[in-house]
There are 2 protein chains.
Amino acid sequence: MRDFSNDHSALALNTATLGHNLDGFGAGWSPEQIIDACAARGMAGIVFWRREIGTRAVEIGDRVRAAGMEVVGLCRTPFLVGSDVPSDLMEDAHASIDMAAALGTPVLTIVTGGTEPGTKGIAESKKILADRVALLAPYAAERGVKLALEPLNPMFGGNRTCIYTVQDALDVCNAVDAPNVGVAVDVYHVWWDRNLAASCTAAGERIFGYHICDWLENTTHMLLDRGMMGDGVADLKAIRAAVEHAGYAGACEVEIFSAQNWWKKDPNDVLDTMVERFRSDC
Amino acid sequence: MRDFSNDHSALALNTATLGHNLDGFGAGWSPEQIIDACAARGMAGIVFWRREIGTRAVEIGDRVRAAGMEVVGLCRTPFLVGSDVPSDLMEDAHASIDMAAALGTPVLTIVTGGTEPGTKGIAESKKILADRVALLAPYAAERGVKLALEPLNPMFGGNRTCIYTVQDALDVCNAVDAPNVGVAVDVYHVWWDRNLAASCTAAGERIFGYHICDWLENTTHMLLDRGMMGDGVADLKAIRAAVEHAGYAGACEVEIFSAQNWWKKDPNDVLDTMVERFRSDC
């Protein structure tokens, strides 16, 4: 396991931590301001959301690399299953892959979408998901992009996800069986899973991303009340040990949706706290 | 699997469905009104909450049986682990067991409480939980009461539960190893679990209760937005098949926390809908 107690060179920012994924939250920093602030702190890189990139993917990717960092990932494909699949699904999914390629990031995250209309339970939605990921995988591979299936906390069942554990994500990976389809492990979603370490071992090199934050003891909102590392009950060091034991050696990406706390703070303070907590608690 | 398409003799009401567990919700029906309304509809029985019973446990239990039904269960022990364990834990836990015995119900539900202060993750809290359940089990056995550990949806991690799946509950059962310690399977909490059927088989005769409602596709509140059977995405028939395949042949208890919908309706309409949906969707 890597020793980060005096080293945050593996730390990355997901811009959701600064509130940029939702209108009216965060300080409204531009991608350029974020790049400069992360580079000044010696971070490994940044994960962006599509809405921040617009038509400037090449420009922003180059700027990140010129600042000595990497674009660690891009959020995300459209929902691939469930009621909220866009009418232009394949076109939009291809656009997300194209954007990842233009940014020069190796990883595009998939939040799957929920239960397929007209079905109940979990099995049929996972099968439809696998079929659609299988359609996208070659297009992504041709552009050097890996697809990371992110299981979500079961509270997001119904309308946001149909995979709830790393095991579930691996089921889909196994069905697709493409080398560029893997898993994103986010402690917020999977910290509670007794099978997590075993599932990470089973995932092995298919772990394409590791997302950190904390699960607050008293979570007050389903979406927007994530905690800073160290402020909650997730066993962050044990989870990182499991992920790294499986072979993961990439960035640790901080993704904190926090409308009433961290999104109200000065982004400089948020970034400084991230660095400190990464060294002490992750 | 039992055929309920023209039979609701296994249907039971958890009074939470009528909003009685929270002040200011529901129609404020007394236990007697609830007993009469359930008996009139030919239900199997009722599950009460301690706050409704007060000092009238024997009286209410007798009244249920005089109406031709059973007291199917009682909610619940105090939290046994986590920050919200009462200072008089053993005394209060014994009081809950005494009340179950006085009601003449065979099952007392345990919602475990959350992560033990000063710990992270899941393992230590489960161990403390098992130690405390082991202390209570003989006291309950002497009074003819079974203790049903109820795993909760992972969204209730931190402050309400430290067991998230039937597998987790069985871990605790196995550690305690007492014949009167088992599991309550609530579809709201476990519908998403790919291992559910296998876990139910492993649980076998240790399934002491089966709770039904539905998981709404668009759940809007962490606690109080459960759906009526048939209105959501849970595969209710498949889950009941798994529970019954494991050997469960008891009541199916409807437990719907629904502040903005079912709690605002006339309880008579709620009960009538329960009967109809039990036959058509469960």
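The values are calculated or read from the model by the stated rules, or taken from the named source; none is laboratory data. The structure displayed is predicted, hence computed values, not measured ones. Don't worry about glycine lacking a Cβ; one is built from the backbone with ideal geometry, like all the others, and counts go over all protein chains shown. To get the accessible areas, we keep the full protein, side chains included, count just its heavy atoms, and leave off ligands, DNA and RNA. Shrake-Rupley method; radii C 1.70, N 1.55, O 1.52, S 1.80 Å.
Residues of region B:215-260 that bury at least 50 Å² of accessible area once all protein chains are present, compared with their chain alone (1.4 Å probe, heavy atoms only, ligands and nucleic acids left out), are B:217, B:222, B:233. With contacts taken as Cα pairs under 8 Å at a separation of at least 6 residues, region A:1-142 carries a relative contact order of 20 percent. Report in % the part of the accessible area of the protein assembly as shown that belongs to carbon and sulfur, leaving out ligands and nucleic acids; probe 1.4 Å. On the protein assembly as shown, the fraction of accessible area on carbon and sulfur atoms equals 49 percent.
Across chain A, Cα pairs under 8 Å and at least six residues apart give a relative contact order of 20 percent. Note on exposure: B:51, A:240, A:277 ranked by accessible area (1.4 Å probe, complete protein assembly) read B:51, A:277, A:240, with the most exposed listed first. Computed about the Cα centre, the dipole magnitude for region A:11-281 is approximately 180 debye when only Lys and Arg (+1) and Asp and Glu (-1) carry charge, each at its Cβ. Look at where the Cα atoms of region B:241-282 and of region A:108-124 average out, and the two centres are 25 Å apart. Distances from residue B:24 to itself in the other copies, using label points 7 Å out along the Cα-Cβ axis, amount to 2.4 nm in increasing order.
In the assembly of identical copies, residue A:91 has its label point, taken 7 Å from Cα in the direction of the beta carbon, separated from the corresponding points by 7.0 nm (ascending, one decimal). For region B:11-281, a/c is less than 1.5, where a ≥ b ≥ c are the root eigenvalues of the C-alpha gyration tensor. That puts it in the rounded class. For chain B, the membrane-span-like helix rule (DSSP H, alpha carbon extent of at least 27 Å along the helix axis, mean Kyte-Doolittle at least -1.0) picks out B:123-142; this says nothing about an actual membrane. Any idea of the total accessible area buried by the A-B contact, 1.4 Å probe, rounded to 100 Å²? Chains A and B together bury approximately 2800 Å². Pairs of Cα atoms nearer than 8 Å and 6+ residues apart set the relative contact order; for region A:47-95 it is 35 percent.
Where chain B is rotated onto chain A, the residue of B whose Cβ comes nearest the axis, and that gap in whole Å, is B:155, 2. Of the residues A:67, A:40, A:141, the one that moves most in a GNM of chain A with alpha-carbon contacts below 10 Å is A:40.
Based on DSSP H segments of at least four residues, each scored -39500 (n - 2.57), the protein assembly as shown has a per-residue ellipticity at 222 nm of -11500 deg cm²/dmol.
What residues does region B:95-142 have that are buried by at least 20 Å² of accessible area in the full protein assembly compared to the chain on its own, 1.4 angstrom probe? Hits at the 20 Å² cut-off: B:115, B:120, B:121, B:122.
With its label point put 7 Å out from Cα toward Cβ, residue B:58 sits 8.7 nm from the same residue's point in the other copies, in order from shortest.
At a probe radius of 1.4 angstrom, the accessible area of region A:93-153 per residue rounds to 33 square angstrom. Put a dot 7 Å past the Cα of residue A:1, heading toward its Cβ, do the same for residue B:177, and the two dots end up 3.0 nm apart.
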